[in-house]
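Below is one structure, written out as structure tokens; the observations come after it.
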Amino acid sequence: MKAARAEGGPGPAGSPPWWKSGVVYQVYPRSFQDSNADGVGDLPGIAARLDHLTALGVDALWISPFYPSPMKDFGYDVADYTGVDPIFGTMEDFDRLLAAAHGRGLKVIIDWVPNHTSDQHPWFQASRRSRADPQRDYYLWRDGRPGGGLPNNWLSTFGGPAWTFDPRTGQYYLHSFLPEQPDLNWRNPEVRAAMLETLDFWLRRGVDGFRIDVAHHLMKDPDLRDNPPSTARSEFHKPMGEFDSQVHLYDRNHPDIHRIYREIRLLLDAHGKGQPRVSIGEIHLFDLPELVAFYGADQDEIHLPFNFTLLRTPWAAAAVRRTVDAMEAALPAGAWPNWVLGNHDESRVASRLGAVAARSAMLLLLTLRGTPTLYYGDELGMADVPIPPERARDPWGRRVPGLSLGRDPERTPMHWDGSESAGFTAPGVEPWLPLAADAGRQSVEAQARDPGSMLALTRALLSLRRSRAALHQGSYRPLDGTPGDVFAFLREEGEDRVLVAVSFAAHPVRLSLPERPSGILASTHPHPALEGPHRLSLRPHEGVVIELGQ
Ligand code: NOJ
């Protein structure tokens, strides 16, 4: 009983469940494929492109929010948790997409945004109507401090105070993000029940799991104490402006949060007989014990608390190894790791690391122990697209000027082919964000013809990962004594043994191998060759997967 709960049900014939052995692919629905020529991607568009995902070789599709929304934060401001925004299609379109994905053996994970709703959600509309409204307590309302100050010193992630005064009822409400995204009061049992019902709704429709938005934010200090000032460098993976001036001790991650995830896990497991339902938590905590606490004391909470530690790691061999080893050491027994290099909130990998290192980063992501999540377009090496100020859409960039926090550059349309709109939308239609200048040359169509392309590399790595138990379920053992610029590790599952070596150097490096390899299974560079029975020369930023012991 316990084992079945921890696993979410086994895979076929005793193999690991899909969420452990598989690879997740994130689609930002506005930007994947437009099917109705309005310049914005939609659900029928995703359905039309499922062949790309099966040819790529991923296992699950995570779709960022498509619920009815005023789109102040492009869908992360939800006005109805059980609907589909007309810009993305209809509920029938969703059902068709789900069936089509399942028909191809792809799992579907949807985004669930429990920390806050849109200010247009009927609950908030009722809540703000009067202090006596039965739904007043669905949100966090407080009086100002005597003398007229804000209720406390908490800040919004997106800049400015986390409190907005509502003159109608003369109180402030809390919003950890935009004023148009009021925080729900998860200490109210009615909120908990209503939000769990929204999960139940989608589970009954057949989704395979949820990515939980800012999962660590749901429970705050019940006394709403002031956060202490911070003097350290940003605790996050990027500078956040004024938000960095505090230790975020009281505005998130109160220990009571864990009982919510235990409750959610019970719900997922209740629906999981025969079809494991999975939770993936978006958790920006870089203190590892705090992060791994979200697996649950008995692995009875979140299946995969997103691990963003590589985003905070300088791209150098020793630093990356330290990050991987630290995570491996911090994992509770039996907890399954996961790795992330990009998503809709981060500058693209190819822009952060450069096009060459982006290839070895992909090799690393797909060979580390744990479930990788790929962001759409990273399989093409898509880079950040410069956005002219008049086309900027993301409110974060506007609210915190001077720090490049705007996320438009990494959300631009997918490159499908060499046509005028790169196949994203109809000819003559302006996409909601500009296309990259090289979209046609860097498209799926062009790269599918080129054996040296990023797409060809990603497909080859995904296929190798699937075919080798060592890679999709094996152990991890770092290799000591490598040159300083090389991170190498063994992945082993019974007789199946591979060695992964990644060079972070801009010059060639020689690597002595601990044993005689039987062949090179993959490389980021063309024509890899061993130099001698125990020697390998790695070219600048080359990554290789080597077969051992055959
Ligand atoms: C995290 C999401 O990934 C981000 O896009 C969003 O703006 C915030 N949460 C607020 O929901």
Asp183 vs. criteria open to solvent by less than 50 Å² (accessible area, probe 1.4 Å), assigned by TED's automatic domain parsing to the domain that holds Leu56 and not aromatic (Phe, Trp, Tyr): no
Where a residue in region 63-85 is more than 13 Å from His121 (Cβ to Cβ) and more than 9 Å from the ligand (Cβ to nearest atom) and its partner, wherever it lies, is outside any loop (DSSP other than H, G, I, E, B) and open to solvent by 10 Å² or more (accessible area, probe 1.4 Å), with Cβ under 8 Å and at least six apart: Val84/Met91; Val84/Asp93
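Residue by residue, here is whether (1) over 24 Å from Val23 (Cβ atoms); (2) of a type in the set (Asp, Glu); (3) crowded, with 20+ Cβ neighbours inside 10 Å holds:
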{"residue": "Asp244", "(1), (2), (3)": "yes, yes, no"}
{"residue": "Gln275", "(1), (2), (3)": "no, no, no"}
{"residue": "Leu291", "(1), (2), (3)": "no, no, yes"}
{"residue": "Glu301", "(1), (2), (3)": "no, yes, yes"}
{"residue": "Leu310", "(1), (2), (3)": "no, no, yes"}
{"residue": "Pro314", "(1), (2), (3)": "yes, no, no"}
{"residue": "Leu331", "(1), (2), (3)": "no, no, no"}
Those residues of region 341-380 which are small (Gly, Ala, Ser), closer than 19 Å to Met414 by Cβ, surrounded by fewer than 22 Cβ atoms within 10 Å (Cβ to Cβ) and under 18 Å from the mean Cα position of the chain (by Cα), in sequence order: Ser347, Ser351
Of all residues making up region 355-410, the number that are part of a loop (DSSP other than H, G, I, E, B), more than 16 Å from the ligand (Cβ to nearest atom) and of a type in the set (Lys, Arg): 1
Any hit, region 145-166, residues being in the same structural domain as Ile283 (by TED's automatic domain parsing) and aromatic (Phe, Trp, Tyr): no
Qualifying residue in region 297-308 (condition: more than 16 Å from the ligand (Cβ to nearest atom), at negative phi and without any contact (Cβ under 8 Å) to a residue 40 or more places away in the chain): yes
Any hit, region 99-114, residues being under 19 Å from Asn36 (Cβ atoms) and more than 16 Å from the ligand (Cβ to nearest atom): yes
Positions within region 34-58 being open to solvent by 30 Å² or more (accessible area, probe 1.4 Å) and in a loop (DSSP other than H, G, I, E, B), in sequence order: Ser35, Asn36, Ala37, Asp38, Arg49
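Specify which of the listed residues (Ser453, Ser463) is of a type in the set (Ser, Thr, Tyr) and open to solvent by 30 Å² or more (accessible area, probe 1.4 Å). Full working, then the answer.
Working: Ser453 fails: open to solvent by 30 Å² or more (accessible area, probe 1.4 Å).
After applying the criteria, what remains is Ser463.
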Residue list for region 412-434, restricted to those being surrounded by fewer than 20 Cβ atoms within 10 Å (Cβ to Cβ) and under 25 Å from the mean Cα position of the chain (by Cα): Pro434
Residues (under 31 Å from the mean Cα position of the chain (by Cα) and either closer than 15 Å to Gly241 by Cβ or open to solvent by 40 Å² or more (accessible area, probe 1.4 Å) (or both)) located in region 139-153: Asn153
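A quick yes/no check of all residues on (1) at pLDDT 95 or above; (2) basic (Lys, Arg); (3) within 15 Å of the ligand (Cβ to nearest atom); (4) more than 24 Å from the chain's Cα centre (by Cα):
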residue: Leu174; (1), (2), (3), (4): yes, no, yes, yes
residue: Phe177; (1), (2), (3), (4): yes, no, yes, no
residue: Gln181; (1), (2), (3), (4): yes, no, yes, no
residue: Pro189; (1), (2), (3), (4): yes, no, no, yes
residue: Phe201; (1), (2), (3), (4): yes, no, no, no
residue: Val214; (1), (2), (3), (4): yes, no, yes, no
residue: Pro229; (1), (2), (3), (4): yes, no, no, yes
Residues located in region 301-340, provided they are part of a loop (DSSP other than H, G, I, E, B) and under 30 Å from Asp408 (Cβ atoms): Ile302, Phe306, Asn307, Phe308, Thr313, Pro314, Trp315, Ala316
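Does His237 qualify as being modelled with pLDDT under 95 and within 30 Å of Ser404 (Cβ to Cβ)?
Values: modelled with pLDDT under 95: yes; within 30 Å of Ser404 (Cβ to Cβ): yes.
So His237 fits the description; yes.
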Region 445-457 residues that are farther than 17 Å from Val545 by Cα, paired with ones that are in a loop (DSSP other than H, G, I, E, B) and open to solvent by 30 Å² or more (accessible area, probe 1.4 Å) (beta carbon under 6 Å, 6 or more apart): Glu445/Asp417
Selection within region 85-117 - open to solvent by 10 Å² or more (accessible area, probe 1.4 Å) and either modelled with pLDDT under 95 or touching a Ser or Thr at 6+ places or on another chain (Cβ under 6 Å) (or both): Asp85, Arg104
Pairs where the first residue, in region 316-344, is within 16 Å of the ligand (Cβ to nearest atom) and of a type outside the set (Lys, Arg) and the second is open to solvent by 10 Å² or more (accessible area, probe 1.4 Å) and at pLDDT below 95, C-beta under 9 Å, 6+ apart: none
Hey, Thr157 out of contact with any Leu (no Cβ under 6 Å at 6 or more places or on another chain), β-branched (Val, Ile, Thr) and within 16 Å of the ligand (Cβ to nearest atom) or not: yes
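The values are calculated or read from the model by the stated rules, or taken from the named source; none is laboratory data. None of the values given here were measured: they were computed from a predicted structure. Note: ideal-geometry Cβ built from the backbone for every residue, glycine included; neighbour counts use all protein chains shown. Ligands, DNA and RNA are stripped out before the accessible areas are found, and what is left, the full protein with its side chains, is counted by its heavy atoms. Shrake-Rupley method; radii C 1.70, N 1.55, O 1.52, S 1.80 Å.
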